[in-house]
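Here the structure comes first, spelled out in structure tokens, and everything after it is commentary.
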Amino acid sequence: MADPITAGNAVSAYNAAAKSMGVRGMEPREEIGVSFGELLQSVKDKAIATGKADEQQAMKATAGDANVTDVVSAVSAAEVTLQAVTAVRDRVISAYQEILRMPI
């Protein structure tokens with residue numbers, strides 16, 4: 001007669017089948033690539049650098065030392081960066097609110 005099916009037997013059978021196929025379970029895995037925090041730090045640093053470049057061009061324009069084309073492209077780059085940062089912020093807040101609405 002076959003073994004009675006219990007949760008313990010089912011889990012053991014599943015784990016044995018997964019190990020024989022080389023499938024990894026819930027054990028910790030090594031980190032691949034950059035972390036989410038590092039990615040956000042990189043984006044933040046690039047946004048700050050773009051803002052500083054825009055400010056430098058604006059100061060040069062005020063002093064009369066800058067080309068109008070350079071000033072316009074710096075302002076445009078800063079505007080695009082600000083829109084991207086705002087969009088990311090909105091998505092993060094939306095995701096956080098969605099997590100808060102999840103039932104426990």
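Listing for the model above:
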read-out	value
Extended-chain gain in nm, criterion 0.36 nm per residue less alpha-carbon gap, Leu82 and Ile32	15.1 nm
Sequence-distant lysines (8 or more away, or on other chains) whose Cα lies within less than 29 Å of Lys44	Lys52, Lys60
Separation in nanometres of the label points that stand 7 Å from Cα toward Cβ, at Lys44 and Met59	2.3
Potential lengthening between Val11 and Met102 on full extension [0.36 nm per residue; Cα-Cα distance subtracted]	30.0 nm
Average projected area [Cα convex hull, the stretch 34-104], square nanometres	5.9
Packing-based exposure ordering (other Cβ within 10 Å, fewest first) of Ile48, Ile32	Ile32, Ile48
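Every number here is computed from the coordinates shown, using simple stated rules; none is lab data. Computed from a predicted structure; not experimentally measured. Note that we place each Cβ from the backbone using ideal geometry, even for glycine, and neighbour counts take in every protein chain shown.
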